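Read through the structure below, which is laid out as structure tokens, and then see the notes.
The values are calculated or read from the model by the stated rules, or taken from the named source; none is laboratory data. If you're wondering where the values come from, they're calculated on a predicted model, not measured in any experiment. All Cβ positions, glycine included, derive from the backbone under ideal geometry; neighbour counts span all protein chains shown.
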2 protein chains.
Amino acid sequence: HGARAWASSVLLLAVWRIGADDPRRAVHGLKVGLALALVSVFYYTRTLYDGVGGAAMWAVLTVVVVLEYTVGGCVYKGLNRAIATASAAVVALGVHWIASKSDDKFEPFIRSGSVFLLAAAATSSRFIPTVKARFDYGVTIFILTYSLVAVSGYRVDALVSMAEQRVCTISIGVSICLAVSALICPVWAGQELHLATARNMEKLAGAVEACEQDESTNNKKQQPSSKAEGYKCVLNSKASEDSLSNLARWEPPHGGFGFRHPYGQYKNVGAAMRHCAYCVEALTGCVRSAGEVHPAKAPGRRQLANACTRVAARCARVLREASGSVRSMTTSRAVDMAVADMNAAVEEMQADLAATSALMDAAAQLFTVTSLLIEVSSRIE
Amino acid sequence: HGARAWASSVLLLAVWRIGADDPRRAVHGLKVGLALALVSVFYYTRTLYDGVGGAAMWAVLTVVVVLEYTVGGCVYKGLNRAIATASAAVVALGVHWIASKSDDKFEPFIRSGSVFLLAAAATSSRFIPTVKARFDYGVTIFILTYSLVAVSGYRVDALVSMAEQRVCTISIGVSICLAVSALICPVWAGQELHLATARNMEKLAGAVEACEQDESTNNKKQQPSSKAEGYKCVLNSKASEDSLSNLARWEPPHGGFGFRHPYGQYKNVGAAMRHCAYCVEALTGCVRSAGEVHPAKAPGRRQLANACTRVAARCARVLREASGSVRSMTTSRAVDMAVADMNAAVEEMQADLAATSALMDAAAQLFTVTSLLIEVSSRIE
């Protein structure tokens with residue numbers, strides 16, 4: 001008993017810490033509780049309960065599985081569930097009609113055979129990338145509803161009214177979910193994606209600066225600072241970016257995000273930033289190993305180190321400007337100017353290089369970074 | 001009508017192509033169909049149907065949502081569903097007993113209040129990383145079952161027998177799923193992870209070789225070959241590796257995979273390989289831009305190019321040996337020898353470098369690659 005109390009207090013503490021870290025997550029928990037409390041009113045009100053019969057449980061079921069953290073996720077699941085349920089019910093009622101007209105002996109075989117075929121085809125279709133990204137949940141619900149209606153038609157007589165009640169309760173559940181999700185402290189997937197993109201750019205800028213500072217101060221033994229490590233989360237951002245941009249497509253217009261906001265572009269910008277992060281990763285490795293390989297080649301190196309510092313500072317500035325312009329959703333001329341500045345610095349460094357030809361690595365890397373940055377900035381409308 | 005027929009034939013064609021690409025996916029579709037056909041027997045057999053009453057639909061519902069592509073996924077969802085349903089039912093019956101003893105006026109408030117609190121706490125706990133990785137589905141099912149039992153207790157009289165029937169049908173559904181998933185052409189998440197790791201190593205080896213061939217033949221204008229592009233899927237392997245190793249934990253021992261097979265180690269090896277891939281990415285960029293920056297410095301370059309080719313060939317050999325030793329699950333001495341060989345080549349190249357000090361970039365990159373490779377090989381038991 002004591003162990004259980006201890007475990008539950010540890011869990012409560014963890015839940016409390018999550019709420020303190022990001023209040024929106026605690027709010028999401030409260031929203032789920034609220035939606036369930038709202039839907040339970042169906043059981044308490046005699047008239048409502050009689051209206052939908054025993055099907056009230058489908059509203060509860062819908063609320064639990066459809067209410068997602070982001071509005072986009074909720075719309076995606078809600079629409080998929082509603083449409084898949086309705087279309088599967090129509091198909092299943094058609095098959096039910098055929099099965100009930102046929103011989104009693106063959107009836108189970110027709111029902112199970114159709115379930116087998118449709119389930120196999122629908123499950124295989126989930127491996128198609130487009131279906132997987134946009135309709136995965138809908139396909140599951142289609143199989144579920146089809147099997148339930150087609151098979152239970154063998155025992156249940158009032159199948160049409162049962163299907164009607166279910167579609168009705170599911171749409172009630174979906175409406176409650178959409179209202180709670182979009183009206184009470186909404187978390188928009190599009191906005192999350194937008195802010196994550198801007199934040200990642202700033203992290204990259206910080207990492208380029210920190211890396212160059214380490215280089216110029218010959219700071220090899222110290223642990224890398226947290227600023228220098230910031231780019232690491234950019235490396236693995238693909239999965240979360242993909243899912244957010246998939247969900248953001250389902251969202252209605254809100255704030256600065258119009259009806260057909262180009263969420264796909266964020267993926268491209270994200271890919272370019274990941275390329276940048278790979279380069280920063282390699283650059284960090286070079287800076288660390290460069291100190292070990294040729295420790296003292298002072299004269300030629302000093303000049304190039306200055307050029308590198310200039311280039312890195314301008315890289316960081318371009319990234320910061322780009323991040324600012326993404327944040328404010330405007331195309332500022334400051335970005336263009338910063339890019340021009342950076343290119344000038346890179347050319348200067350290349351001229352230095354032609355003379356000295358050392359520290360090639362950092363320059364080539366920065367050159368790559370630069371060209372990627374130009375790509376990034378050209379992709380921001 | 002014509003458009004609909006066209007759309008469905010396109011879908012069927014896509015499904016067919018998936019089956020042709022990877023027959024196991026088509027088999028998975030057939031397995032889902034089979035499991036549903038098996039479960040529909042409950043509706044056709046009078047004695048079975050009467051035994052579980054109207055609760056037979058829960059078996060169908062369970063089969064549709066629990067039967068996953070991999071055995072690990074199926075065990076994860078099945079166990080989570082069974083345990084969460086049983087524990088939520090026990091808690092809900094306790095609360096139901098309290099609520100039914102209390103004043104009629106307060107009853108709805110006690111029921112909805114408990115649902116609100118438990119749902120809010122459980123939803124928040126889903127943001128804890130460990131809970132998210134291992135029990136996410138279980139928490140959803142806990143909320144679902146608790147709300148259904150606690151709230152419908154207001155209208156349903158035979159609540160205990162209803163809960164019993166549901167737990168019974170859900171366990172029947174889970175057993176059918178586990179049997180179909182593990183006995184008919186099983187797809188083991190552990191094995192998938194294992195093979196993906198070995199395959200990624202080989203792709204990296206191919207990319208290092210191809211990159212170095214491009215370098216030595218000065219092949220800058222041609223499109224990069226498919227071999228040289230192979231490393232790109234290593235860059236984004238994190239998400240699939242994480243999910244596979246999470247699912248693999250749930251799998252029973254099978255083949256060469258024991259009870260506590262160190263699936264977590266695959267994540268570390270995967271991270272090291274991604275570092276390698278970042279380096280290869282940067283190296284490819286360097287090779288391409290190096291040709292543009294200083295096109296003709298033949299004498300010093302030739303010697304280093306040879307050294308580079310040697311190092312790259314040995315890098316690739318180490319990767320291939322490591323991949324082979326992962327595939328056969330043995331520690332071969334060939335890997336150690338290949339690593340020693342590679343280190344010798346790297347040292348040779350560093351000596352050349354001290355003399356000529358050009359092409360620093362490739363060398364520094366390969367040095368990084370080498371050190372990472374040593375890391376990788378040291379992590380394979």
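The table below gives the values:
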quantity: Filter result (exposed (fewer than 14 other Cβ atoms within 10 Å of the Cβ) and within 16 Å of the chain's Cα centre (by Cα)) within the stretch A:248-263; calculated: A:Pro262
quantity: Complete set of residues in the stretch A:93-136 that are within 8 Å of chain B (Cβ to nearest Cβ), over 20 Å from B:Gly19 (Cβ atoms) and of a type in the set (S, T, N, Q); calculated: A:Ser112
quantity: Residue within the stretch B:56-78 that is hydrophobic (A, V, I, L, M, F, W, C), without any contact (Cβ under 8 Å) to a residue 40 or more places away in the chain and either crowded, with 24+ Cβ neighbours inside 10 Å or closer than 18 Å to B:Val160 by Cβ (or both) present; calculated: yes
quantity: B:Tyr43 being farther than 23 Å from A:Thr62 by Cβ, at the interface with chain A (Cβ under 8 Å from one of its Cβ atoms), touching a Phe, Trp or Tyr at 6+ places or on another chain (Cβ under 7 Å) and surrounded by 22 or more Cβ atoms within 10 Å (Cβ to Cβ); calculated: yes
quantity: Whichever residue in the stretch A:124-151 is among the charged types (D, E, K, R) and assigned to a helix (DSSP H, G or I) and, among such residues, is nearest to A:Ser112 (Cα to Cα); calculated: A:Asp136
quantity: Contacts under 7 angstrom Cβ, first residue in the stretch B:185-212 being free of Cβ contacts under 8 Å to residues at least 60 places away in the same chain, partner hydroxyl-bearing (Ser, Thr, Tyr) and surrounded by 20 or more Cβ atoms within 10 Å (Cβ to Cβ), 6 or more apart; calculated: B:Lys203/B:Tyr231
quantity: Those helices (runs of 4 or more DSSP H) lying entirely in the stretch A:1-97 with at least 2 residues within 24 Å of B:Ala120 (Cβ to Cβ); calculated: A:2-21, A:23-44, A:56-66
quantity: Some residue of the stretch B:71-91 being facing another protein chain (nearest Cβ under 9 Å), in contact with a helix residue (DSSP H, G or I) (Cβ under 6 Å, 6 or more places away or on another chain) and among the aliphatic types (A, V, I, L, M); calculated: no
quantity: Positions within the stretch A:144-178 being free of Cβ contacts under 8 Å to residues at least 60 places away in the same chain and within 30 Å of A:Ala239 (Cβ to Cβ), in sequence order; calculated: A:Leu144
quantity: Residues satisfying the stated conditions in the stretch B:233-249, i.e. within 13 Å of chain A (Cβ to nearest Cβ) and part of a helix (DSSP H, G or I); calculated: B:Cys233, B:Val234, B:Leu235, B:Lys238, B:Ala239, B:Ser240, B:Glu241, B:Asp242, B:Ser243
quantity: Meets criteria (in contact with a Lys or Arg (Cβ under 9 Å, 6 or more places away or on another chain) and either hydroxyl-bearing (Ser, Thr, Tyr) or outside any helix (DSSP H, G or I) (or both)) for A:Tyr154; calculated: yes
quantity: The stretch B:240-270: number of residues that are without any contact (Cβ under 8 Å) to a residue 24 or more places away in the chain and either farther than 25 Å from B:Ala182 by Cβ or among the basic types (Lys, Arg) (or both); calculated: 1
quantity: Output for the stretch A:14-29, where each listed residue is at pLDDT below 80 and within 23 Å of A:Val63 (Cβ to Cβ); calculated: A:Val15, A:Ile18, A:Gly19
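Results for (1) basic (Lys, Arg); (2) over 30 Å from B:Trp97 (Cβ atoms); (3) assigned to a helix (DSSP H, G or I), shown as yes or no for each residue.
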site	(1), (2), (3)
B:Val167	no, no, yes
B:Ser171	no, no, yes
B:Ala182	no, yes, yes
B:Val187	no, yes, no
B:Leu193	no, yes, yes
B:Ala196	no, yes, yes
